[in-house]
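Novice: Quick one: this structure, given as structure tokens, is what I'll be asking you about.
The values are calculated or read from the model by the stated rules, or taken from the named source; none is laboratory data. Remember, it's a predicted structure, so these values are computed and weren't measured experimentally. Glycine gets a Cβ as well: all are built from the backbone with ideal geometry, and neighbour counts include every protein chain shown.
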Amino acid sequence: MTSLYSLSADPNFSYWLLYYFPLWVEPALYISSPRCHIGTLCSSTRPSGVWFKIMLFSSFPLVFTVGLASQVVFSAVPSPPAPEPISITELPLPPVAIDKCTIELSPNGTGCIAQGKYGAGFQAGSFLPDSTHIVAHVTYTGAPDAPDPASIFTGEQIILIKIDGSSFSNGVPWKCLTCGVPTENAQGLSNTFDYPNSFMDGRRILFGTNILDCGENDLTSDDCTPETTYIYPIRWNTSPDGSGAGGSIRELRLHPDDVHLGFSSFRVDGHSLGQDSYFSRLAFNPSPTTGEPLVPRYDLESVTRLSNPSNPPPFVADGDKLSWNPLTNYVGELRGFSGRGDEVTYIGTSVESCNVDVFAVKLDSGEVRRLTSDPEYVDPVDISPDNEWTVVMDTRRTDRQMFMAGMRGVPPLIDLIATSVASTTRNNYQRRFFQPWLIDRYGDRGDYYGQKINDEGSGLPGSADINDPEWNGRADPKWSPDGTKIAYWQDLTASPACGGDNPYPAMTRRIREVVTSASWSRNSPAVSPKILLG
């Protein structure tokens, strides 16, 4: 029986044709076969047809496991979209204090934050479900001593920021959610504040390995006070009897159904460090009897590792043959979920040598699509509520990675030991070189490599324009639930990182958060996510 086989319209397939077909090609044994639709999905079914054996700069043949069936179907891919008209607004943040947070700096007594050198102590988070508020992690400094009411504005905290120009009842466009929460309301609080993300109920926030809950009150309400706020730790049980502190979790991402949670965790194999990613269900446990901490907490249930042990590894040696299995659906580091919640986004095994990309895999079927293919480095990613657009932080146009990834279509053989090198050359000390890019769901193709969101301005280093290259993007960009806005944040290049002259005065903040608005509202609305796991 003949299987139809759809070749990828991703431009990399044309590179495969260009680079590999002129080489030594002959039928070879089947090893494995990803079935790929252009820019959409890959699964592990085996089509019939001819397999290619390819000699690649070595004394052994490399089996490139993409097959041709007796009928080849090229999926239609739409033309690249026209550039979107984009407006960008910088959001207000608490004033910066180098020493004391004086009344001159903070007339309303709502606190001052640190300068944020290298982005330290700050991270922008997600929108609230109303698409008009954003959560963020900040570090307050210079607070007066108690009993001054402003003494609560100290250290790492989570705040809400209004994006419509209005103010809270405190007279400023931001409101601290974690400041002054009584100790008895935050038992077991972990000292982690990264990746703040709002639940879609508008009453809870995930930050670090904690969940903040304002009960029946909306986070934006004046009724959401320190006394009505509770903070609960998250625990992953990894012991048979439920004892101990549980497993270490990092890079937590909330699923849009408000029930499931994705996370990553390091593991040690012999002398090497590895990482796995997991999908789990949040379950509130008001009175735990085992495990630490023995305080009200959220337990992770139905924890599933996001890998299929029956899948072949990217490379398999068989005698004098080496088989390559591109687009293996092994989730390396989890980066989030699609807008409709049917996919996990992640950094996975490279498809091209030294080219780190982001992928999406369906939770119910394991089908994979490659979201990016530009040779430059990408890591932070978020998919729009309707799954039609992807926003990434990427080094494209900087040429940081071209010396090692510029030749397209080279199988990632050296990546078996060089992946960590390819993922670090993108930086110079703390400088990230990231900028925000908008890409449609069909990905990079032809001359289309997305639209740079902050492309307007002089582009001069030190100009403070929205496209000043001294300002570098950080993780994560975030879509608004209504699909019309994107929030992202940047930090300013600082010595000893390379860069041009930096004329900013010492008191100037070195972080900024902006919101973009465009016509993405023409997209279909998001639907309620349904998950078949957990």
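Novice: How many residues, within segment 444-469, are touching a helix residue (DSSP H, G or I) at 6+ places or on another chain (Cβ under 9 Å) and crowded, with 16+ Cβ neighbours inside 10 Å?
Specialist: Total meeting the criteria: 2.
Novice: If you go through segment 392-405 one residue at a time, do you hit one that is of a type in the set (Val, Ile, Thr) and buried (at least 23 other Cβ atoms within 10 Å of the Cβ)?
Specialist: yes
Novice: Another question, then. What about Ser310, is it in contact (Cβ under 8 Å) with a residue 12 or more places away in the chain and not charged (D, E, K, R)?
Specialist: no
Novice: Just to check your reading of the model, which residue among Thr328, Thr345 is under 25 Å from Ile486 (Cα atoms), out of contact with any helix residue (DSSP H, G or I) (no Cβ under 8 Å at 6 or more places or on another chain) and hydroxyl-bearing (Ser, Thr, Tyr)?
Specialist: Being under 25 Å from Ile486 (Cα atoms), out of contact with any helix residue (DSSP H, G or I) (no Cβ under 8 Å at 6 or more places or on another chain) and hydroxyl-bearing (Ser, Thr, Tyr) holds for just one of Thr328, Thr345, which is Thr345.
Table: residues versus (1) of a type outside the set (Asp, Glu); (2) farther than 24 Å from Asp164 by Cα.
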| position | (1), (2) |
| --- | --- |
| Gly406 | yes, yes |
| Pro412 | yes, yes |
| Asp415 | no, yes |
| Val421 | yes, yes |
| Tyr442 | yes, yes |
| Asp455 | no, no |
| Asn472 | yes, yes |
| Pro477 | yes, no |
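Per-residue answers, yes or no, for (1) in a loop (DSSP other than H, G, I, E, B); (2) on the phi < 0 side of the Ramachandran plot:
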site	(1), (2)
Gly291	yes, no
Val295	yes, yes
Leu300	no, yes
Asn308	yes, yes
Ser323	no, yes
Val331	yes, yes
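Novice: Please work out if Arg432 is at negative phi, touching a Phe, Trp or Tyr at 6+ places or on another chain (Cβ under 6 Å) and either without any contact (Cβ under 8 Å) to a residue 60 or more places away in the chain or not acidic (Asp, Glu) (or both).
Specialist: no
Novice: Moving on to the next point. Of the residues that sit in segment 210-241 and are acidic (Asp, Glu) and within 27 Å of the chain's Cα centre (by Cα), which one is nearest to Pro173 (Cα to Cα)?
Specialist: Top of the filtered list is Asp218.
Novice: Now a separate question. Can you find even one residue in segment 388-405 that is closer than 22 Å to Gly274 by Cα and outside any loop (DSSP other than H, G, I, E, B)?
Specialist: The answer is no, given that none of the residues of segment 388-405 is closer than 22 Å to Gly274 by Cα and outside any loop (DSSP other than H, G, I, E, B).
Novice: Turning to a different aspect of this structure: Can you tell me how many residues within segment 273-301 are exposed (fewer than 13 other Cβ atoms within 10 Å of the Cβ), more than 23 Å from Ser420 (Cβ to Cβ), small (Gly, Ala, Ser) and touching a Lys or Arg at 6+ places or on another chain (Cβ under 9 Å)?
Specialist: 0
Novice: Another question, if that's okay. Tally the residues that are of a type in the set (S, T, N, Q) and assigned to a helix (DSSP H, G or I), restricting the search to segment 414-436.
Specialist: Number satisfying all stated conditions: 2.
Novice: Let me ask something else about it. Can you name the residue in segment 270-290 that is among the polar types (S, T, N, Q) and in contact with a strand residue (DSSP E or B) (Cβ under 7 Å, 6 or more places away or on another chain) and is also nearest to Pro233 (Cα to Cα) among such residues?
Specialist: Out of the qualifying residues, it is Asn285.
Novice: Here's a check for you: in segment 94-108, which residue that is hydrophobic (A, V, I, L, M, F, W, C) and part of a loop (DSSP other than H, G, I, E, B) is farthest from the chain's Cα centre (by Cα)?
Specialist: Ile103
Novice: Taking the criterion of being free of Cβ contacts under 8 Å to residues at least 40 places away in the same chain, out of contact with any Ser or Thr (no Cβ under 6 Å at 6 or more places or on another chain) and buried (at least 24 other Cβ atoms within 10 Å of the Cβ), would at least one residue in segment 351-365 satisfy it?
Specialist: yes
Novice: Please pick out the residue among Phe315, Phe279 that is in contact (Cβ under 8 Å) with a residue 60 or more places away in the chain and in contact with a helix residue (DSSP H, G or I) (Cβ under 8 Å, 6 or more places away or on another chain).
Specialist: Phe315
Novice: Follow-up question, since we're still on this one. Is there any pair linking a residue in segment 229-250 that is closer than 27 Å to Cys214 by Cα and free of Cβ contacts under 8 Å to residues at least 24 places away in the same chain to one that is crowded, with 20+ Cβ neighbours inside 10 Å and among the hydroxyl-bearing types (Ser, Thr, Tyr), with Cβ under 8 Å and at least six apart or on different chains, and which?
Specialist: Note: pairs meeting the criteria are Arg250/Ser264.
Novice: Identify all residues within segment 467-501 that are of a type in the set (Gly, Ala, Ser) and on the phi < 0 side of the Ramachandran plot; write none if there are none.
Specialist: Residues satisfying the conditions are Gly473, Ala475, Ser480, Ala487, Ala494, Ser495, Ala497, Gly500.
Novice: Related question: If you go through segment 126-137 one residue at a time, do you hit one that is outside any strand (DSSP E or B), surrounded by 21 or more Cβ atoms within 10 Å (Cβ to Cβ), under 27 Å from the mean Cα position of the chain (by Cα) and at pLDDT 95 or above?
Specialist: yes
Novice: Go through segment 144-200 and give me each residue that's buried (at least 21 other Cβ atoms within 10 Å of the Cβ) and among the small types (Gly, Ala, Ser).
Specialist: If the condition is that a residue be buried (at least 21 other Cβ atoms within 10 Å of the Cβ) and among the small types (Gly, Ala, Ser), then Ala150, Ser198 are the ones that fit.
Novice: Output the number of the condition that Ser264 fails; it satisfies all remaining conditions of (1) crowded, with 18+ Cβ neighbours inside 10 Å; (2) under 19 Å from Phe284 (Cβ atoms); (3) among the small types (Gly, Ala, Ser).
Specialist: (2)
Novice: Something else about it: Would you please name the residue that is nearest to Leu254 (Cα to Cα), looking only at residues in segment 358-386 that are touching a Lys or Arg at 6+ places or on another chain (Cβ under 6 Å) and in a loop (DSSP other than H, G, I, E, B)?
Specialist: Tyr377
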